[in-house]
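Read through the structure below, which is laid out as structure tokens, and then see the notes.
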Amino acid sequence: MKHRVRCTQVVLMALAAASAAAQAADDQARVWAASCAACHGTQGRSAGGIPSIAGLEQALLREKLLAFRQGTLPATVMHQHAKGYTDQELERLAVFFSQQAPR
């Protein structure tokens, strides 16, 4: 019985740690995404001439961010912004914006 309780405690601790790590990743993506607000609007919902990115498909966002970084998708400033991120960071930004409500 003690072994079963100990195993349950270990599993619960592991789940809590995974949840905390996921929250930290979300928080970091939110911080990175804040720099996008000047052009794309709060949480990716643009109010004007710059495209809204909130709610777009994650794979599409990631593909575009990678293309900006590689210089294969023309842009005015996006290629410079994207160069500052790793593949994993661009993926996390794509996840963040894909989870935002378009309006």
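The values are calculated or read from the model by the stated rules, or taken from the named source; none is laboratory data. Note that the structure is a prediction, hence the values are computed from the model and not measured. All Cβ positions, even for glycine, are placed from backbone atoms using ideal geometry, and neighbour counts span all protein chains on display. Only protein heavy atoms, including side chains, enter the accessible area calculation; ligands, DNA and RNA are left aside. Shrake-Rupley method; radii C 1.70, N 1.55, O 1.52, S 1.80 Å.
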Considering the stretch 37-56, residues that are without any contact (Cβ under 8 Å) to a residue 40 or more places away in the chain and assigned to a loop (DSSP other than H, G, I, E, B), and then whichever is surrounded by the fewest Cβ atoms within 10 Å (Cβ to Cβ), we arrive at Gly49
Which of the residues spanning the stretch 48-103 are within 22 Å of Asp27 (Cα to Cα) and small (Gly, Ala, Ser)?
Ser52, Ala54, Gly55, Ala59, Ala82, Gly84, Ala94, Ser98, Ala101
What about Ala59, is it open to solvent by less than 70 Å² (accessible area, probe 1.4 Å), assigned to a helix (DSSP H, G or I), small (Gly, Ala, Ser) and at pLDDT below 85?
no
If you go through the stretch 15-26 one residue at a time, do you hit one that is at pLDDT 65 or above and surrounded by 10 or more Cβ atoms within 10 Å (Cβ to Cβ)?
yes
Output for the stretch 62-78, where each listed residue is assigned to a helix (DSSP H, G or I), open to solvent by 70 Å² or more (accessible area, probe 1.4 Å) and either closer than 13 Å to Arg92 by Cα or among the β-branched types (Val, Ile, Thr) (or both)
Arg62, Glu63
